[in-house]
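> Quick one: the structure is below, and I'll ask about it shortly.
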Amino acid sequence: MTALGRHDGRSRRTRQRRGITLIEVMVAMAILAIVATLMYTGFAQTARNKRRIEHEVDRHHEIRLGLERIARELSMAYMSDQLNPSPALQVVQTGFVGKEGGHGSRVDFTSFSHRRLYRDAHESDQNELSYFLTDHPEDSSRTVLARREQRRIDDDFRKGGSSQILIEDVESFELSYLDPLSGEWTGSWDSTQAAMQFNRLPSQVRIVIEVPNVRGKGPDEKFGTRAWIPLRFALNHATYQAK
């Protein structure tokens, strides 16, 4: 083997032992950083989309359940015409009153929708209920849809009991009532006044709420449903006389 051949062999072995250069290391690290950045961006965007979708689903679920509860309890509304002849002894009053106000609609009524949660509780399936808009108890700039319930009916079905938030951040709450006699919709109902609606209930109640856009931009969203009321007249049990 000539000297030139021995020199070329040593050069190749030297290059093989030398390994990678600093430039190659920097290029590899740059490529790795780019790939890691792309992966992190993809995972972060996926996490944001997941949180956004979960928030939308939870919000729509809250609204849907709230509307279903209002419709279910309105469908169990009732009135009774059985009153003590003496006004001083009339300690129970039933009724159905829906009115429009500056803060939105409000409805007060008696129903058969109460569920006893404790054994031997001195309660029945009758209760007083109200739905109305009010300020958030912790933030007056927010408006919520509240539900009031009193487990025992007293002489004023529009007061008493306790209130809880049913749906948060509600811009408007609108109710309209279908008169089964005239077939027309009206924005108010009062079964306690001696007029065309005395001792009667509407056959349907249309419920519409408006809430801020769940995505934080765009116009407000509206949701609605209807409630059918089967007991349209005050209960009046027959009176039997012994012969």
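The values are calculated or read from the model by the stated rules, or taken from the named source; none is laboratory data. Computed from a predicted model, the values in this text were never measured in an experiment. Here Cβ is always computed from backbone atoms with ideal geometry, including for glycine, and neighbour counts include all displayed protein chains.
> Give the number of residues within segment 173-222 that are more than 16 Å from GLY101 (Cα to Cα), among the small types (Gly, Ala, Ser) and within 27 Å of the chain's Cα centre (by Cα).
Summing the residues that are more than 16 Å from GLY101 (Cα to Cα), among the small types (Gly, Ala, Ser) and within 27 Å of the chain's Cα centre (by Cα) in segment 173-222 gives 3.
> Same structure, new question: Tell me, please, whether a residue that is within 21 Å of LYS222 (Cβ to Cβ) and of a type in the set (Val, Ile, Thr) can be found in segment 62-74.
There is at least one residue in segment 62-74 that is within 21 Å of LYS222 (Cβ to Cβ) and of a type in the set (Val, Ile, Thr).
> In segment 176-214, which residues are in a strand (DSSP E or B) and in contact with a Leu (Cβ under 9 Å, 6 or more places away or on another chain)? I'd like the intermediate steps shown before the answer.
Looking only at segment 176-214, we keep the residues that are in a strand (DSSP E or B), and these are 176-178, 185-186, 189-190, 200, 204-211.
Passing the criteria: TYR177, TRP185, THR186, TRP189, ARG200, GLN204, VAL205, ARG206, ILE207, VAL208, ILE209.
> Inspect segment 143-166 for any residue being under 25 Å from the mean Cα position of the chain (by Cα), under 16 Å from ILE63 (Cβ atoms) and outside any strand (DSSP E or B) and give the result as yes or no.
No, segment 143-166 has no match at all.
> Now, a different point. Search segment 109-137 for residues being assigned to a loop (DSSP other than H, G, I, E, B) and more than 22 Å from LEU65 (Cβ to Cβ), and hand back the single one that is nearest to the chain's Cα centre (by Cα). Working first, answer last.
Of the residues in segment 109-137, the ones assigned to a loop (DSSP other than H, G, I, E, B) are 112-126, 136-137.
Adding the requirement that they be more than 22 Å from LEU65 (Cβ to Cβ) leaves 118-124, 126.
Working: TYR118: 26, ARG119: 29, ASP120: 31, ALA121: 29, HIS122: 30, GLU123: 27, SER124: 27, GLN126: 24 Å.
In this case the residue turns out to be GLN126.
> Taking segment 74-105 on its own, how many of its residues are of a type outside the set (Gly, Ala, Ser) and touching a residue at least 60 places away in the same chain (Cβ under 8 Å)? Before you say what the answer is, go through the steps one by one.
Of the residues in segment 74-105, the ones of a type outside the set (Gly, Ala, Ser) are 74, 76, 78-79, 81-85, 87, 89-94, 96-97, 99-100, 103.
This time we only want the ones that are touching a residue at least 60 places away in the same chain (Cβ under 8 Å), so: 74, 78-79, 81-82, 90-94, 96-97, 99-100.
Selection size over segment 74-105: 14.
Yes/no matrix, rows are residues, columns are (1) within 37 Å of the chain's Cα centre (by Cα); (2) surrounded by 14 or more Cβ atoms within 10 Å (Cβ to Cβ); (3) in a helix (DSSP H, G or I):
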{"site": "ILE31", "(1), (2), (3)": "no, no, yes"}
{"site": "ILE34", "(1), (2), (3)": "no, no, yes"}
{"site": "PHE43", "(1), (2), (3)": "yes, no, yes"}
{"site": "THR46", "(1), (2), (3)": "yes, no, yes"}
{"site": "ARG51", "(1), (2), (3)": "yes, no, yes"}
{"site": "ARG59", "(1), (2), (3)": "yes, yes, yes"}
{"site": "ILE70", "(1), (2), (3)": "yes, yes, yes"}
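> Looking at segment 105-147, which of the residues that are surrounded by 11 or more Cβ atoms within 10 Å (Cβ to Cβ) and among the aliphatic types (A, V, I, L, M) is nearest to GLN164 (Cα to Cα)?
ALA146
> In segment 152-183, what residues are crowded, with 19+ Cβ neighbours inside 10 Å and farther than 24 Å from VAL208 by Cα?
Matches in segment 152-183: ILE153 only.
> Here is a follow-up. In this structure, is ARG151 touching a strand residue (DSSP E or B) at 6+ places or on another chain (Cβ under 8 Å), among the basic types (Lys, Arg) and modelled with pLDDT under 95?
Details: touching a strand residue (DSSP E or B) at 6+ places or on another chain (Cβ under 8 Å): yes; among the basic types (Lys, Arg): yes; modelled with pLDDT under 95: yes.
For ARG151, the condition - touching a strand residue (DSSP E or B) at 6+ places or on another chain (Cβ under 8 Å), among the basic types (Lys, Arg) and modelled with pLDDT under 95 - is met.
> Looking at segment 207-216, is at least one residue within 18 Å of SER111 (Cβ to Cβ), surrounded by 12 or more Cβ atoms within 10 Å (Cβ to Cβ) and in contact (Cβ under 8 Å) with a residue 12 or more places away in the chain? Spell out the reasoning first.
The initial filter retains those residues of segment 207-216 that are within 18 Å of SER111 (Cβ to Cβ), namely 207.
Going one step further and asking which of them are surrounded by 12 or more Cβ atoms within 10 Å (Cβ to Cβ), we end up with 207.
Then drop every residue that is not in contact (Cβ under 8 Å) with a residue 12 or more places away in the chain, which leaves 207.
The answer is yes; a qualifying residue exists.
> Among the residues of segment 91-108 satisfying the criterion of being over 22 Å from the mean Cα position of the chain (by Cα) and under 23 Å from ARG232 (Cβ atoms), which is modelled with the lowest pLDDT? Don't jump to the end; show me each part of the working.
Pass one, segment 91-108, residues over 22 Å from the mean Cα position of the chain (by Cα): 91-97.
Now drop any that are not under 23 Å from ARG232 (Cβ atoms), which leaves 92-97.
Working: VAL92: 85, GLN93: 88, THR94: 92, GLY95: 92, PHE96: 96, VAL97: 96.
Selected residue: VAL92.
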